[in-house]
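Coordinate-derived values only; no laboratory data. Keep in mind it's a predicted model, so treat the numbers as computed, not measured. Backbone-built Cβ (ideal geometry, glycine too); neighbour counts: all protein chains shown.
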Amino acid sequence: MTAGARGEMKLRVLVVEDERPLAESVGYALEVEGFEVFVASTGREAINRVREVNPSLVLLDVMLPESSGLDVCRQIRAESDVPIIMLTARDAEADKVAGLELGADDYVTKPFSMRELMARVRAQIRRSARSGAIDDSNEILRGGGVELDLDAHEARVDGASVKLRPKEFDLLESLMRRANRLSTRDVLIDEVWGPSYFGDTKTLDVHIKRLRQKLERDPSNPSRIVTERGLGYKFVDA
């Protein structure tokens, strides 16, 4: 994706994880998704990083040296409303409840798939943007004659305003964030409908068809949203 297509600013994610290989893997996955990534390996470093970089979201491991992730969550929440997703190797209900009661917005239990984690990150980012907790007013996705204003929740095609339904808007955002790269069906469903969605996958195809009707010069021969047969879809920034 070109810099212009991704927007004038990148949303920042702070990864608080003392296992370096995992932190690097998560960081790489986030960068591929277009986020600017910062990493902290201790609770004290995490608090300082939150103050320094003002992240849009925090991925916070429960088990950390010096202080626990739960203590860090409590400290962050005392200073900021930034979305927090807890990462834990423990599947005990008490840990999950404790994190949520301290102000965490979600949790993911290790081992987790990157697909699930990215879907949850996107879900929290969308919620925060809509509630005003995240200021993404300068982020406009552009490419292939399409412009998506995330703050105003408006779409324009070749300069003309186009009305999109909420799910259509979210789907187009997901596609444009990976311009010229494959967006698999599973990833799109997870990001737009949520990882717990178990409905008919044809829902995705219906929304793609609707988007093409609104975005393509010739919907029967699409050039902006193309099908990768058997895999998913791709937004072409050309």
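Bridge orientation summary for the chain: considering DSSP beta bridges with both residues in this region, about 50 percent are antiparallel.
Between helix 69-79 and the chain there is an angle of about 70 degrees, using the helix long axis and the longest principal axis of the Cα atoms. Note on K167/T42: beta-carbon distance plugged into 1/(1 + (r/R0)^6) with R0 of 35 Å gives a FRET efficiency of 0.30.
Taking the inverse of the mean reciprocal distance over all distinct Cα pairs, the Kirkwood hydrodynamic radius of the chain comes to 18.6 Å. A simple spin-label model places the labels of D158 and D218 1.3 nm from each other, with each point 7 Å out along Cα-to-Cβ. Remark: spin-label model distance E101-M114 equals 3.6 nm, labels positioned 7 Å along the Cα→Cβ axis. Between amide H atoms placed 1.01 Å from N, distances below 5 Å from V39 occur with V15, all of them 5 or more places distant or on a separate chain. Relative to the dominant Cα principal axis of the chain, helix 43-53 is inclined by about 40°. Placing pseudo-labels 7 Å out from each Cα toward the beta carbon at N54 and L22 gives an inter-label distance of 3.1 nm.
The mean sequence distance of close C-alpha pairs (under 8 Å, at least 6 residues apart), as a share of the length of segment 140-235, puts its relative contact order at 26 percent. With helices as the sole contributors, the chain gives -13000 deg cm²/dmol at 222 nm; each DSSP H run of n ≥ 4 counts as -39500 (n - 2.57), and the sum is divided by every residue.
Please work out the FRET efficiency for the pair V32 and A94, using the Cβ-Cβ distance as r and a Förster radius of 35 Å; give the result to the nearest 0.05. Once rounded, the FRET efficiency stands at 0.55.
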